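Worksheet: the structure to be examined is printed underneath.
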Amino acid sequence: MAFWQSIWTWLGGSGTSRNAGDQTSGPMGYAAPSPVEVNEDSAMQLSAVWACVRLLSETVASLPVNVYRKTATGRELAPDHWLSLLMARKPNRYQTKVEFFETLMLNLALHGNAYAKITKVGGKIRSLLPLMAAQIETKLLPDGSVVHLYHADGNIDALSSDSVWHVKLYGNGIVGKSPLAFGRNMFGIAQAAEQSVSKIYANGGKPCGVLSFDRLLTPAQRASVRENFATLTTGTDDRLLVIEQGMKFDAVSMSPQDIELLASRKHQIDEIARWFGVPSILINQNEGSTTLGSSTAEIISGFYKLNLRPYLERIESSVSTWLFTPEEAALYEFEFDFEGLLRSDLKSRLEGYRTAVAGTILTPNEVRRIEGWPRVEGGDVLLSQVNMTPIDKLGLQAPKGNANGPQDTQP
């Protein structure tokens, strides 16, 4: 017990996951409250958050997934493996493979944790059903075991770690840190700015203010003035109001120009993109400069390599560790087909294939498989250019019938 207690403390207390937008204070909470309440639904109403999460989710979900069988000479596709069959059809009764990984990435990008309920039949996994991370509390128990508490409809179900596939971002090793929770102040500021803009437009852009007089009014007169001149500060009524008898209107609220609301909203887009590791240009923020490269292609390539690749590696490693048995992990590998994202134009690819075939790196059929073209007879043999001859062999007699060298004239 003492051993697990020390591990428990080293991991940071109970190792409990924090639900998205948690407003609690104290050691496991935050010192300052967010300007407004932040949760998954409110954050996703921000266009930058929606764009970042959608980009990450849809890109990962669109990648082909493969299971490879390790062999003495390398590896080969294993379409008959149970995970290949599961992903080829549907991971659960409700979702396709694309929808499944979209849900997985949605939770991983927002909450830092993604969960899927494992259903087995005859000891084999037959279904992977995503569970919403905001409804799950993951705890490390004093005996060293991990349990997932699933909150739904007022009930709490305790799920063992063997029955839940848990993918997590960096954290304490038990749960991943939630970008939505740790960035809640920034998300709250962005939400508050959006609400301010909504109020300004709903109010016709009118500021609040003070209507002053040069004499004392009775309560009845004050009520009459409020009723007759309310449209100075509220509503979208644009009637011309005539102010007389020494009345004067002074605005007391700051204008959008004064608080630089437009500039603030643009800055929030960059801040949100930074939290998700997405270059601003990929969510249609075209102002400013970038350090990833001078062209959009270089920016996209940098995003794929620096941001998407860690997500893919995390999921691949988790599959091998938690979904495969130790025997399967020794024989099989799960992998996203990431190279499809980095494919160049057809002309550049053909030039690269030409070099790979001539250099005995790829066979013609391997090239055709990469492009999705049908196999050809005789295309499984490595080829080499005849004219690539060592300089000390130049001029020597070539084999009979070789048009590229001298012919044999001996009888």
Spatially close lysines, pair count over the range 83-193: Cα under 20 Å, gap of eight or more or interchain: 12
Rounded to the nearest 10 Å², the accessible area of Glu339 at probe 1.4 Å: 120 Å²
Solvent exposure ordering (accessible area, 1.4 Å, most first) of Glu335, Glu377: Glu377, Glu335
Neighbour-limited loop hits for trypsin sites (Lys or Arg not before Pro), the range 50-100 (at most 10 other Cβ within 10 Å; DSSP other than H, G, I, E, B): Arg93
May I ask you to derive the FRET efficiency for Arg368 and Ser145 from their Cβ-Cβ distance with R0 = 45 Å, giving the value to the nearest 0.05? 0.35
Determine, from the Cβ-Cβ distance of Ser348 and Arg75 and an R0 of 22 Å, the FRET efficiency 1/(1 + (r/R0)^6), rounded to the nearest 0.05. 0.25
Accessible surface of the range 51-111, 1.4 Å probe, proportion on carbon and sulfur as whole %: 53 percent
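The values are calculated or read from the model by the stated rules, or taken from the named source; none is laboratory data. All of these numbers come straight from a predicted model, not from anything done at the bench. Cβ sites come from the backbone with ideal geometry, for glycine too, and all protein chains shown count toward neighbours. All accessible areas refer to the heavy atoms of the entire protein, side chains included, with ligands and DNA or RNA removed. Shrake-Rupley method; radii C 1.70, N 1.55, O 1.52, S 1.80 Å.
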